[in-house]
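Q: Dumping the structure here so I can ask a few things about it.
The values are calculated or read from the model by the stated rules, or taken from the named source; none is laboratory data. Everything quoted here is computed from the prediction, not taken from an experiment. All Cβ positions, even for glycine, are placed from backbone atoms using ideal geometry, and neighbour counts span all protein chains on display.
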Amino acid sequence: MKKVISVLLAMLMLLGAVTVAFAADGARALLHVAISDKSGKLALPNKLVLVEDKDKDGALTVNDALYCAHEQYFEGGAAKGYGTYESQYGLSLGKLWGEENKSSFGYYVNDNMAWNLTDTVKEGDFLYAWSYRDAEGYSDSYSFFNDKNVKAKSHETIEVTYNVCSYDENWNPVSAPCEGAEITVDGLPTGILTGKDGKAKVVIPVSGEHVISAKAPKPAEGESEALLVPPVCRVTVDFDIWGLINYIIDSIVSFVKGLFTR
């Protein structure tokens, strides 16, 4: 049944139905949910999740969205992969994607920090939850692409802008472009690095659903690698044979010209 739900949600994404309202009273909503584990790997890359008021508190919340995400995509469902508990801060995460991780988790909604699992969510929101790799010092920094879902032809250049969140001297949240991060496609390195403006360009010639992410910039000598929550952009590529042929020809011509202008 879970596989059927996953297929149906994927079909809705392909049809562009990312903001479909399932009930006039707001009892259901489609959200995009991303989850990364304590190894820094994307476990759920911006998948569509049908969210319902599972805890019956009269609102759609971060808790409902994460519960439903596990029900629909985690092997064994929420009973195996998701858990909460009451703490001095209220309802708190105890297990995410099957990991307890000393209860060291973070979650953002639309690239802004959520304060509690009971924060409300709405149709079309992007929710990202992760396990801290630094489960003691919480030094992992949230990072994101400006674009979360992109449609492109197989010859088109896709531009992403990569930003990392931090805090200013007054502990106000700020974000800044991330330079020198390597772009990955479906988990594979591309050799493409982000510029000073955080931008990078990539072409994905293979049709279908793909995931663009990034690796943290290489640290300077003597420094440790920054712990960044991996960004995610889902890309739907439509195959365009003539456009792809023209792209390949243009690339070859540019390469040959470069040989004679060196």
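Q: Whether any residue in region 154-163 is hydrophobic (A, V, I, L, M, F, W, C), assigned to a strand (DSSP E or B), touching a residue at least 40 places away in the same chain (Cβ under 8 Å) and closer than 25 Å to A69 by Cα is what I want to check.
A: no
Q: While we're here: Do we have K122 as of a type outside the set (G, A, S), part of a loop (DSSP other than H, G, I, E, B) and over 27 Å from A220 (Cβ atoms) here? Break it down into steps so the answer makes sense when it comes.
A: Details: of a type outside the set (G, A, S): yes; part of a loop (DSSP other than H, G, I, E, B): yes; over 27 Å from A220 (Cβ atoms): yes.
Judged against the criteria, K122 is a match.
Listed here are the residues, each with its yes/no results for (1) surrounded by fewer than 20 Cβ atoms within 10 Å (Cβ to Cβ); (2) touching a helix residue (DSSP H, G or I) at 6+ places or on another chain (Cβ under 8 Å); (3) not hydrophobic (A, V, I, L, M, F, W, C).
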| residue | (1), (2), (3) |
| --- | --- |
| A65 | no, no, no |
| Y89 | yes, no, yes |
| G106 | yes, no, yes |
| N112 | yes, no, yes |
| T118 | yes, yes, yes |
| V121 | no, yes, no |
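Q: Another one. For E179, indicate whether it is more than 17 Å from the chain's Cα centre (by Cα) and not aliphatic (A, V, I, L, M).
A: yes
Q: Only one of these conditions is not met by E225: (1) modelled with pLDDT of 90 or more; (2) among the acidic types (D, E); (3) assigned to a loop (DSSP other than H, G, I, E, B). Which number is it?
A: Answer for E225: the failing condition is (1).
Q: Please work out if K196 is of a type in the set (K, R), in a strand (DSSP E or B), surrounded by fewer than 13 Cβ atoms within 10 Å (Cβ to Cβ) and at pLDDT 80 or above.
A: The answer is no for K196.
Q: Might you check whether a residue that is at pLDDT below 95, more than 30 Å from V203 (Cβ to Cβ) and assigned by TED's automatic domain parsing to the domain that holds L50 occurs anywhere in region 93-100?
A: Checked region 93-100: no residue is at pLDDT below 95, more than 30 Å from V203 (Cβ to Cβ) and assigned by TED's automatic domain parsing to the domain that holds L50.
Q: Can you confirm whether P219 is under 21 Å from W130 (Cα atoms) and at pLDDT 85 or above?
A: Here the answer is no, as P219 does not meet what is asked.
Q: Something else now. Please specify each residue of region 72-110 satisfying the condition of being among the hydrophobic types (A, V, I, L, M, F, W, C) and in a loop (DSSP other than H, G, I, E, B).
A: Selection gives F74, W97.
Q: Still on this model: If a residue has to be free of Cβ contacts under 8 Å to residues at least 40 places away in the same chain and in contact with a helix residue (DSSP H, G or I) (Cβ under 9 Å, 6 or more places away or on another chain) to count, how many in region 48-63 make the cut?
A: Result for region 48-63: 5.
Q: Another question, if that's okay. Quick one: P189 ticks every box in (1) closer than 13 Å to F145 by Cα; (2) surrounded by fewer than 14 Cβ atoms within 10 Å (Cβ to Cβ) bar one, so which box is it?
A: Condition not satisfied by P189: (1).
Q: Still on this model: Would you check if L48 is touching a Ser or Thr at 6+ places or on another chain (Cβ under 6 Å), closer than 30 Å to S104 by Cβ and modelled with pLDDT of 90 or more? Outline the logic, then answer.
A: On the way: touching a Ser or Thr at 6+ places or on another chain (Cβ under 6 Å): no; closer than 30 Å to S104 by Cβ: yes; modelled with pLDDT of 90 or more: yes.
No.
Q: Only one of these is among the polar types (S, T, N, Q), assigned to a strand (DSSP E or B) and farther than 15 Å from S131 by Cα: N46, N63. Name it.
A: Exactly one of N46, N63 is among the polar types (S, T, N, Q), assigned to a strand (DSSP E or B) and farther than 15 Å from S131 by Cα, namely N46.
Q: So for region 195-204 (the condition being touching a helix residue (DSSP H, G or I) at 6+ places or on another chain (Cβ under 8 Å) and farther than 20 Å from N112 by Cα), does at least one residue qualify?
A: Yes: region 195-204 contains one or more residues that are touching a helix residue (DSSP H, G or I) at 6+ places or on another chain (Cβ under 8 Å) and farther than 20 Å from N112 by Cα.
Q: Do you know which residues across region 167-193 are out of contact with any Asp or Glu (no Cβ under 6 Å at 6 or more places or on another chain) and assigned to a strand (DSSP E or B)?
A: Within region 167-193, Y167, P173, S175, A176, E182, I183, T184, V185, L188, T190, G191, I192 qualify.
Q: Continuing with the same structure: Of everything in region 154-174, what is charged (D, E, K, R) and surrounded by fewer than 17 Cβ atoms within 10 Å (Cβ to Cβ)? Give them in sequence order. Don't jump to the end; show me each part of the working.
A: Just the residues of region 154-174 that are charged (D, E, K, R), to begin with: 156, 159, 168-169.
Scanning region 154-174 gives E159, D168, E169.
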